Amino acid sequence: MKTTFDPQEDVDIAEKDTPFSGYFRVDRYRLKHRRFNGGWTALLEREIFERGHAAAVLPYDPVADKVVLIEQFRLGARAAGQAPWLMEIVAGIIEEGESPEDLVRRESVEEAGVELHDVESIGHYLVSPGGSSEMLYLYCGRVDSRGLGGIHGLEAEGEDIRVEVLPFEQAVQLYSPCETAGKGALNMTAAFAMQWLQINRARLRRQWGTE
């Protein structure tokens, strides 16, 4: 049984084209790949949704022990039959020449009106590798939450973003993985970041200071 694969030698891309290109792009592949038994698959046709790579940050105030969350309309949730206003963390698509950390610092100001001080990487992962190449880089950032709130976002991009500052214990409940948890639990990037903070909260409060 074959258990290791070479992404170049064990994937044969016969053809690639782009049937749609707009704000996002769809690439179509005709390919075959090596099987676990050492043979090859039949010729497959697959579409990949291309939207670039993204980064997200959970703004955390270690002094007040509060997190900064944002709420905005998401058409994807509406199309899935869910309530489309979701409680999320700051996020955006990384622009050419921009680092993931640069992106979260910029988006924190645009979406939440807050400046990040220290930033710690949580990790990165493929969001939906069965149909997209998108990689998401996830962070936690130290902020001063005093005076935050209101409506933010870029008018030119049609953004209408409400900022809410919540005590840590209350925010954790928003992302509880149960059917009654509400609009927060549907956003798994935020839920993952919140779980990471739950594990690392005591260390961050020591490291970032509570005075």
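Structural remarks
- Of all residues in the stretch 121-132, one or more are touching a Cys at 6+ places or on another chain (Cβ under 7 Å), under 21 Å from ARG205 (Cα atoms) and open to solvent by less than 40 Å² (accessible area, probe 1.4 Å).
- Residue that is most open to solvent (accessible area, probe 1.4 Å) [pool: residues in the stretch 150-165 that are in contact with a Leu (Cβ under 7 Å, 6 or more places away or on another chain) and closer than 10 Å to GLU71 by Cα]: GLU164
- Sole residue being in a loop (DSSP other than H, G, I, E, B) and either within 14 Å of the chain's Cα centre (by Cα) or closer than 27 Å to GLU169 by Cα (or both), chosen from VAL109, VAL104, VAL114, VAL57: VAL114
- Qualifying residues in the stretch 32-54 (those that are among the hydrophobic types (A, V, I, L, M, F, W, C) and either open to solvent by less than 30 Å² (accessible area, probe 1.4 Å) or part of a loop (DSSP other than H, G, I, E, B) (or both)) - the one nearest to PHE168 (Cα to Cα): ALA54
- In the stretch 84-101, of all residues being more than 19 Å from GLY123 (Cα to Cα) and assigned to a strand (DSSP E or B), the one that is most open to solvent (accessible area, probe 1.4 Å) corresponds to TRP85.
- Residue check, ALA77 assigned to a helix (DSSP H, G or I) and in contact with a Pro (Cβ under 6 Å, 6 or more places away or on another chain): yes
- Within the stretch 9-24, being open to solvent by 60 Å² or more (accessible area, probe 1.4 Å) and either of a type in the set (A, V, I, L, M, F, W, C) or closer than 17 Å to GLY130 by Cβ (or both) holds for ILE13, ALA14, PHE20, PHE24.
- Every residue from the stretch 62-78 that is open to solvent by 30 Å² or more (accessible area, probe 1.4 Å), within 15 Å of the chain's Cα centre (by Cα) and not basic (Lys, Arg): GLY76
- Some residue of the stretch 142-165 being at pLDDT below 95, at negative phi and among the basic types (Lys, Arg): no
- In the set (1) modelled with pLDDT under 95; (2) open to solvent by 60 Å² or more (accessible area, probe 1.4 Å); (3) closer than 24 Å to TYR139 by Cα, GLY81 fails one condition alone, (3).
- Of all residues in the stretch 26-63 being within 25 Å of GLY92 (Cα to Cα) and aromatic (Phe, Trp, Tyr), the one that is modelled with the highest pLDDT: TYR60
- If you go through the stretch 36-81 and keep only what is among the polar types (S, T, N, Q) and in contact with a helix residue (DSSP H, G or I) (Cβ under 9 Å, 6 or more places away or on another chain), you end up with just GLN72.
- Taking each residue of the stretch 194-205 that is more than 11 Å from VAL172 (Cβ to Cβ) and looking for partners that are assigned to a helix (DSSP H, G or I) and open to solvent by less than 40 Å² (accessible area, probe 1.4 Å) with beta-carbon atoms closer than 9 Å, six or more apart or interchain, yields LEU204/LEU197.
- Residue within the stretch 187-209 that is part of a loop (DSSP other than H, G, I, E, B) and open to solvent by 40 Å² or more (accessible area, probe 1.4 Å) present: no
The values are calculated or read from the model by the stated rules, or taken from the named source; none is laboratory data. All figures in this text were calculated on a predicted structure; none of them were measured in a lab. With ideal geometry, Cβ positions are generated from the backbone for all residues, glycine too; neighbour counts draw on all protein chains shown. When the accessible area is computed, the model is the full protein with side chains, heavy atoms only, and any ligands, DNA or RNA have been set aside. Shrake-Rupley method; radii C 1.70, N 1.55, O 1.52, S 1.80 Å.
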